[in-house]
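See structure below.
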Amino acid sequence: MAGHDKSEARSEPSDTETGEDQLSECRESLLHKVNGVIEFYFSDINLSRNQYFAHKVLEDPYVPIDLLMTFHKLKELTDSKEVILDAIKMSKMLHVTPDGKKIYRTTEIQLVDQIEEHVIYVENVPENKDIEWLRQIFSSYGQVVYVSLPVFKKTRMNKGYAFIELASEKDVAKAYEAFKSTDLLICTNMPPEELLSIKTHETDNPADAPEVDRMKLVNSTVESRDLAKLGMKVMMKCDWRRLRNRYLNRLHVQNRTLKEESGAQEEECTYKKGLIVKLQKSKHLGNLAQYIEGIRLRPNGGVVFVTNHAKSDFVYIRFASAEQADALLSSDAPHITKLEGSEEVEYWENVTKIVAEKKERAFLKKIMKKKEKRLAKAQNQAGSVSDISEHGNTMDNFDNLVQNLQASVAEDQPVVDPSLRSKRKKKRDRKTGHKYVR
């Protein structure tokens, strides 16, 4: 009996052994995550999208580990170089240099042209699910390259929609057909404001978000591959972008209409009658500048603006109110009269034209500065003017930009500078809450 008791006691693991096993499992899980993140950084998909890192890799394939450790996603997982070196040992596409300071890719780089063709937009993601759950669901259709799952900042709960990128168009077609066969496709002609990505982008608190009919699955494991039970719906990202752009264009038109209405109201307020006084230049006035300054310094003078052109025989003085203008007229000076009728209208039209021209010059000057900045940056990266010949001459680009602005206004479309498309694209992604989570 005593021998039997000893064998039973020996078969039970001690607390120390259990703790060591748990630590080993945690470290193994961490290494897999670190390896996955670093492999994603070096993947064809990321290099096709991330111009900064692609430039680094193509310029020098041996990337310092210290550089990788500055990247946000890797920094969240670990700050240990030892963990990174151990994780790379698990990779089939990455190796470490003998000195242990750099990582390089062993497979050939093949950049992808049409990335959006590999991406599916998903709605009705269960509120308690995470990236790994989505990865498991869609891995049955092919290799999942990345999952973007936007979350609310305050609660970190997902917003109910995601973007899934698969390795090939064949995998995408397979997933799309699976959802199509169960009638789980999002209508491509739906009102854009009904998209979850648009419904939830203006709030960071789920309590303030519109009510969304989505499931809450208790068990976090993938119990079922039955898509009907999961309740998620999909559409191609290119169709999602078309709807999103339609919504943004509509917003653009509404904002421009509001600005025009606001401008019309301001113009209507500006065109108050009886504010302008015309002063005829004559020798008996003496020093004209001192005479005008005397008008300015009168008690409750109310002078707002003085127009004095050298080639004109008149000086135009604008007052804040008609009463203040009348007060100057009551001084019984024959050389001072008030503008009325067509003469007054013509004055205000000239003022409006001058203000509009100033705004246009300031706007074009601002765009010109941005353009020159981008060209200078391209020159620094390329190392010579010949390497960036596709950018063309600065003034030619500026002329093309002005033509593009005029054409866009004529067609009632948002103004888009072709060289700034990527910047506009990122800005629109931020507006719709689309944030990549790799």
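The values are calculated or read from the model by the stated rules, or taken from the named source; none is laboratory data. This one's a predicted model, so the numbers in the text were calculated from it and none came from an experiment. Counting neighbours? That spans all protein chains shown, and the Cβs are built from the backbone with ideal geometry, glycine included. These area figures cover heavy atoms from the full protein model, side chains too; ligands, DNA and RNA do not enter into them. Shrake-Rupley method; radii C 1.70, N 1.55, O 1.52, S 1.80 Å.
What's the total number of residues in the range 71-85 that are assigned to a helix (DSSP H, G or I) and free of Cβ contacts under 8 Å to residues at least 12 places away in the same chain?
Total meeting the criteria: 4.
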Within the range 309-321, the count of residues that are open to solvent by less than 70 Å² (accessible area, probe 1.4 Å) and within 48 Å of the chain's Cα centre (by Cα) comes to 6
Within the range 31-47, of all residues that are touching a residue at least 60 places away in the same chain (Cβ under 8 Å) and part of a helix (DSSP H, G or I), the one surrounded by the most Cβ atoms within 10 Å (Cβ to Cβ) is Ile38
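Condition check: under 30 Å from Glu59 (Cα atoms), open to solvent by less than 70 Å² (accessible area, probe 1.4 Å) and modelled with pLDDT under 85. Does Ile115 satisfy that?
Against the criterion (under 30 Å from Glu59 (Cα atoms), open to solvent by less than 70 Å² (accessible area, probe 1.4 Å) and modelled with pLDDT under 85), Ile115 qualifies.
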Conditions (1) of a type outside the set (Phe, Trp, Tyr); (2) more than 19 Å from Lys237 (Cα to Cα); (3) open to solvent by 50 Å² or more (accessible area, probe 1.4 Å) -> Asn189 fails only (2)
**Prompt:** Right, Ala173: in a helix (DSSP H, G or I), touching a helix residue (DSSP H, G or I) at 6+ places or on another chain (Cβ under 8 Å) and farther than 27 Å from Leu248 by Cβ or not?
**Reply:** no
Q) of a type in the set (Asp, Glu), open to solvent by less than 90 Å² (accessible area, probe 1.4 Å) and at pLDDT below 80: does that describe Asp332? A) no
- Does the range 227-244 contain at least one residue that is open to solvent by 40 Å² or more (accessible area, probe 1.4 Å) and either farther than 30 Å from Leu134 by Cα or at pLDDT below 80 (or both)? yes
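Residue-by-condition table, conditions (1) in a strand (DSSP E or B); (2) within 22 Å of Lys180 (Cα to Cα); (3) charged (D, E, K, R):
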{"residue": "Ala87", "(1), (2), (3)": "no, no, no"}
{"residue": "Gly100", "(1), (2), (3)": "no, no, no"}
{"residue": "Tyr104", "(1), (2), (3)": "yes, no, no"}
{"residue": "Val112", "(1), (2), (3)": "no, no, no"}
{"residue": "Ile120", "(1), (2), (3)": "yes, yes, no"}
{"residue": "Gln136", "(1), (2), (3)": "no, yes, no"}
{"residue": "Ser140", "(1), (2), (3)": "no, yes, no"}
{"residue": "Lys154", "(1), (2), (3)": "no, no, yes"}
